[in-house]
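Right, one structure below, let's go through it.
The values are calculated or read from the model by the stated rules, or taken from the named source; none is laboratory data. Quick caveat: nothing in here was measured; it's all calculated off a predicted structure. Quick reminder, even Gly has a Cβ in these numbers, built from the backbone with ideal geometry, and neighbours come from all protein chains shown. Accessible surface is based on the protein model in full, side chains and every heavy atom, while ligands, DNA and RNA are left aside. Shrake-Rupley method; radii C 1.70, N 1.55, O 1.52, S 1.80 Å.
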Amino acid sequence: MNNVEEIVKQASEKIKTANSVESLESVKTEYLGKNGEITKLLKSMSDYSVEEKKKIGALLNSAKKEIDEEIIKRKGFLSSSEIEEKMKKEKIDFSSAFSFNFPKGHFHPISQTIEDISAIFKSLGFETAQGPEIETDWYNFEALNHPADHPARDIQDTFYLEGMKNLLRTHTSPGQIHVMENQQPPIKVIVPGRVYRNEASDASHSSTFHQIEGLSVDKNITFIDLKSALTLYARNFFGNDLETRFRPSYFPFTEPSAEMDVQCFFCKGKGCGVCKGTGWIEILGCGMVHHNVLKAVKYDSEKYTGFAFGIGVERIAMLKYGLDDIRLFYENDLRFLKQF
Ligand code: PHE
C-alpha cells in the first residue's frame, strides 16, 4: 500500500499525455477497470485487519476519485478539441454554391471623364453645381450677351420647345447665370451637364453631348488666374510633360476670349493624324467674363472680375481613349462599354 501515491502519480501522467478519448479509456481500464491497479489493491484488502481496512479503504477511494476526476476533466478537453478538429476537416464550402457570377458594372466613359475632370478642379478649390437642361432665352442667350441676331439663336442650331418660350440649353454657360443670380462672389464653381444642338450627327457631331462649365468671380481676378488654373488642369489631366498655349478667340460672353490647346499627346507635338499635323489639340474655350454678363446678374462690374471656361467632354474622352466616332458613346453597345 505504500506505493498508492506512486500509482496515482503514474496514472495522472498518463492521463495528461493521452491524446484521444480512446487512449484515455484504456488508461481508465488500466487503473480502475476490473483488473486495474487500484481495483486489484481494493480486492486485496481482505488480507488486512478491520483497523487497517478502514485506513487503506479511505486511501484507495480517494486515489480512485482523484484518477476518475482527472480522466473526466481530460476527456472534456479532448472531446471538444476532437470536435473542433472534425469540424475543420469536414467543413463544407458553400461559397461556390451561391456564385452566380453577376457581371460587375462600371461608370460610362463619359461619366468617368466628367468625374476625372471634376476631381482636378475640386483640388483647385472649385465646387460643383447643376443647372436645368430646359432653359429660357434669358439664361441661354440674353444674359450671356448674345446679340439679337446671333446665329446660335437660329432655330437651325437650337431646339426650341413648344411655344418657343423654352429651349434645350445649347451649352452649360447658362449655369454661370444661375450661380451668379443665387450667390455673391467669391465664386469658384464648375457646372457639368448635358447640352443639345440641332445638328445632324456624324463621327464628330452629336445633337446631345456634355460640357463642363467653369466660373471664378472675385475681386482682382485676372487673365493670369485663368491661365494658371487651366494650365494646372491640363497638366494634371494630359500629363506634366506637355506644353499648352492660348489662342485668341471669340465668345459673346467673354472678353477677351481664348481657346486653349495642349501639345498633341499622341505624337508629342511632332504632328500626326490626330492633331492633323499641327502638333496641337484644342481642349477648351475660355475668357474673362464680359462686363455685360456681370451687369445682367447685377454684379458690380467695377468691383468684380472673373474668368469662365467650357470643356467639351466627349471630345476629351475621344482623345483620351483614342476613339474616332462620337456615336460610340450613345449606342450602349456592351462590347464597346466593357472596354472601359
Ligand atoms: N459655351 C461655350 C461653347 O459652348 C464655351 C465657353 C464657355 C467659352 C465659357 C468661354 C467661356 O462653345
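Would a scan of the range 48-66 turn up a residue that is within 22 Å of Ile83 (Cα to Cα), assigned to a helix (DSSP H, G or I) and at pLDDT 90 or above? No, every residue in the range 48-66 fails to be within 22 Å of Ile83 (Cα to Cα), assigned to a helix (DSSP H, G or I) and at pLDDT 90 or above.
Step by step: first the residues of the range 143-162, then only those that are assigned to a helix (DSSP H, G or I) and at pLDDT below 95, then the one that is surrounded by the most Cβ atoms within 10 Å (Cβ to Cβ). Which residue is that? That would be Arg153. Here the range 57-99 is the region considered, the condition is being open to solvent by less than 90 Å² (accessible area, probe 1.4 Å) and of a type in the set (Val, Ile, Thr), and the residue that is farthest from Ala18 (Cα to Cα) is Ile67. Within the set Glu51, Glu30, Glu37, the sole residue that is free of Cβ contacts under 8 Å to residues at least 24 places away in the same chain and open to solvent by less than 80 Å² (accessible area, probe 1.4 Å) turns out to be Glu30.
Rundown of residues vs (1) in a loop (DSSP other than H, G, I, E, B); (2) touching a strand residue (DSSP E or B) at 6+ places or on another chain (Cβ under 8 Å); (3) within 16 Å of the ligand (Cβ to nearest atom); (4) among the hydroxyl-bearing types (Ser, Thr, Tyr), yes/no style:
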{"site": "Asp300", "(1), (2), (3), (4)": "yes, no, no, no"}
{"site": "Ile316", "(1), (2), (3), (4)": "no, yes, yes, no"}
{"site": "Lys320", "(1), (2), (3), (4)": "no, no, no, no"}
{"site": "Leu323", "(1), (2), (3), (4)": "yes, no, no, no"}
{"site": "Gln339", "(1), (2), (3), (4)": "yes, no, no, no"}
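Of everything in the range 67-97 that is β-branched (Val, Ile, Thr) and assigned to a helix (DSSP H, G or I), the residue that is modelled with the lowest pLDDT is Ile83. Just one of the numbered conditions (1) over 16 Å from the mean Cα position of the chain (by Cα); (2) hydrophobic (A, V, I, L, M, F, W, C); (3) buried (at least 16 other Cβ atoms within 10 Å of the Cβ) is not true of Ile114; which one? All conditions pass for Ile114, except number (1).
Give the residues of the range 177-213 that are small (Gly, Ala, Ser) and in contact with a Ser or Thr (Cβ under 9 Å, 6 or more places away or on another chain), sorted by residue number.
Gly193, Ala200, Ser201, Ser207
The set of residues from the range 280-293 being open to solvent by less than 20 Å² (accessible area, probe 1.4 Å) and either away from the ligand (no atom under 14 Å from the Cβ) or outside the structural domain of Met180 (by TED's automatic domain parsing) (or both) comprises just one member, Ile281.
Among the residues of the range 129-142, write down those that are under 14 Å from Asn292 (Cα atoms) and not in a loop (DSSP other than H, G, I, E, B). Within the range 129-142, Trp138, Tyr139, Glu142 meet the criteria.
From (1) within 14 Å of the ligand (Cβ to nearest atom); (2) touching a strand residue (DSSP E or B) at 6+ places or on another chain (Cβ under 7 Å); (3) not in a loop (DSSP other than H, G, I, E, B), pick out the condition that doesn't hold for Ser118. The single condition Ser118 does not satisfy is (1). The strands (runs of 3 or more DSSP E) found entirely in the range 184-279 that carry 3 or more residues being within 14 Å of the ligand (Cβ to nearest atom) and touching a residue at least 60 places away in the same chain (Cβ under 8 Å) are 187-196, 208-218. Applying the criterion of being more than 16 Å from the ligand (Cβ to nearest atom) and not basic (Lys, Arg) to the residues of the range 163-182, the residue that is surrounded by the fewest Cβ atoms within 10 Å (Cβ to Cβ) is Gly163. Of the residues in the range 194-210, at least one is crowded, with 21+ Cβ neighbours inside 10 Å and modelled with pLDDT of 95 or more. Within the range 225-237, is even one residue of a type in the set (S, T, N, Q), under 28 Å from the mean Cα position of the chain (by Cα) and crowded, with 19+ Cβ neighbours inside 10 Å? Among the residues of the range 225-237, not one is of a type in the set (S, T, N, Q), under 28 Å from the mean Cα position of the chain (by Cα) and crowded, with 19+ Cβ neighbours inside 10 Å, which makes the answer no.
Looking across Ala308, Ala296, one residue alone is crowded, with 23+ Cβ neighbours inside 10 Å, small (Gly, Ala, Ser) and either touching a helix residue (DSSP H, G or I) at 6+ places or on another chain (Cβ under 8 Å) or assigned by TED's automatic domain parsing to the domain that holds Leu226 (or both). It is Ala308.
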